[in-house]
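The values are calculated or read from the model by the stated rules, or taken from the named source; none is laboratory data. It should be emphasised that the depicted structure is a prediction, and the values quoted were computed from it without experimental measurement. Glycine gets a Cβ as well: all are built from the backbone with ideal geometry, and neighbour counts include every protein chain shown. Each accessible area value is taken on the protein alone, full model and side chains, heavy atoms only, with ligands, DNA and RNA left out. Shrake-Rupley method; radii C 1.70, N 1.55, O 1.52, S 1.80 Å.
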Amino acid sequence: MKASKVISALFLLAVLGTACSKTDDTSEEATALVTVNNKKVTGSSSRDLLSDAKFKSMVVELVYVKGFEPSAAAVANFVSFIEARTFKPGGITVLKREIESPAKTVYTTTDIAAIEDANRTKFNNGTEIAVWAYFSDGASAENEGNSVVLGIAYRNTSFVIFENTIRRNTSSNPFSNTRSLLEATVMEHEFGHILGLTNLGAPLQSNHEDPDNSKHCVVESCLMYFSSEMQVGIGAMAAAGAVPQLDAQCLADLRANGGR
Ligand SMILES: [Zn+2]
Ligand SMILES: [Zn+2]
């Protein structure tokens with residue numbers, strides 16, 4: 001009785017061992033094939049994100065450094081923004097997760113991409129398109145003087161929010177919603193780039209690209225006005241008390257490329 005138990009236990013281990021190594025092999029191959037679709041240039045997945053021709057649902061993998069989680073209100077606002085602009089009958093899912101600090105104070109876009117490569121787990125899969133949203137504990141290496149970068153869309157389905165910079169620039173008053181407004185504004189602006197705005201994958205339906213700030217909209221009140229992702233835009237946003245909306249011309253570009 002004892003002996004047979006030992007034998008079955010050994011047998012089980014052997015089977016599990018084989019199964020595990022086999023699974024590892026296939027998943028490594030599968031991952032290698034699949035990640036390439038999420039490492040393309042910003043704006044190139046415009047149509048895939050907007051329409052349901054290829055992808056019926058969307059998963060947003062929202063990863064933040066411990067202590068730098070965005071507010072629930074901002075995340076809810078962001079999901080409403082995606083729902084209003086895209087056709088995803090299978091729904092939008094947000095998967096939130098925290099990671100330890102990479103322990104730098106300033107991050108280049110190369111650093112940010114490396115953090116994604118080490119931590120991202122969701123990639124386009126079947127009819128589900130995946131997006132990576134990362135909330136950093138440091139500042140952008142692109143900051144210069146009073147030109148402070150709050151977010152960057154750097155791949156076809158990836159963007160970073162410099163949450164630490166957002167917090168430094170917004171009120172610590174718990175009754176003020178300035179921080180959550182700014183978080184939502186920067187998330188939606190960066191997602192707007194990923195959706196192909198402005199002239200970044202969603203072809204222009206009218207001449208509204210800002211000649212002085214390429215890939216941005218010339219309309220000052222539009223979400224895609226360049227200052228929405230910079231510190232200089234904070235005053236206007238706070239004064240309005242609301243997240244800027246896309247203007248009619250940006251909406252027309254998205255609709256022409258499969259958007260809602
Ligand atoms: Zn921008
Ligand atoms: Zn616009």
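Here are the numbers for this structure:
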read-out: Check on residue 166, in contact with a helix residue (DSSP H, G or I) (Cβ under 9 Å, 6 or more places away or on another chain), open to solvent by less than 60 Å² (accessible area, probe 1.4 Å), of a type in the set (Val, Ile, Thr) and within 14 Å of ligand 1 (Cβ to nearest atom); value: no
read-out: Residue 148, sole failed condition from (1) of a type in the set (A, V, I, L, M); (2) modelled with pLDDT under 95; (3) open to solvent by less than 10 Å² (accessible area, probe 1.4 Å); (4) touching a strand residue (DSSP E or B) at 6+ places or on another chain (Cβ under 7 Å); value: (3)
read-out: Hey, residue 176 more than 16 Å from ligand 2 (Cβ to nearest atom), more than 20 Å from residue 214 (Cβ to Cβ) and surrounded by fewer than 19 Cβ atoms within 10 Å (Cβ to Cβ) or not; value: yes
read-out: Pair list, Cβ under 6 Å, 6 or more apart: region 75-95 residue of a type in the set (Gly, Ala, Ser), other residue open to solvent by 60 Å² or more (accessible area, probe 1.4 Å); value: 90/56
read-out: Filter result for the condition that a residue is away from ligand 2 (no atom under 14 Å from the Cβ), of a type outside the set (Asp, Glu), in a loop (DSSP other than H, G, I, E, B) and within 23 Å of residue 60 (Cα to Cα), over 196, 201; value: 201
read-out: Selection from region 67-111 of residues that are among the acidic types (Asp, Glu) and either open to solvent by 70 Å² or more (accessible area, probe 1.4 Å) or part of a loop (DSSP other than H, G, I, E, B) (or both); value: 69, 83, 98, 100
read-out: Residues that are at pLDDT 90 or above, among the hydrophobic types (A, V, I, L, M, F, W, C) and away from ligand 1 (no atom under 16 Å from the Cβ), drawn from region 171-186; value: 181
read-out: Residues of region 122-145 classified as free of Cβ contacts under 8 Å to residues at least 60 places away in the same chain and open to solvent by 30 Å² or more (accessible area, probe 1.4 Å), total; value: 6
read-out: Pairs with Cβ under 9 Å, 6+ apart, first in region 228-249 and within 14 Å of ligand 1 (Cβ to nearest atom) and open to solvent by 30 Å² or more (accessible area, probe 1.4 Å), second part of a strand (DSSP E or B) and modelled with pLDDT under 90; value: 230/147; 231/147; 232/147
read-out: Selection within region 36-55 - closer than 17 Å to residue 91 by Cβ, open to solvent by less than 30 Å² (accessible area, probe 1.4 Å) and either assigned to a helix (DSSP H, G or I) or among the polar types (S, T, N, Q) (or both); value: 49, 50, 51
read-out: Complete set of residues in region 187-222 that are more than 9 Å from ligand 1 (Cβ to nearest atom) and in contact with a strand residue (DSSP E or B) (Cβ under 8 Å, 6 or more places away or on another chain); value: 187, 191, 194, 199, 208, 209, 210, 217, 218
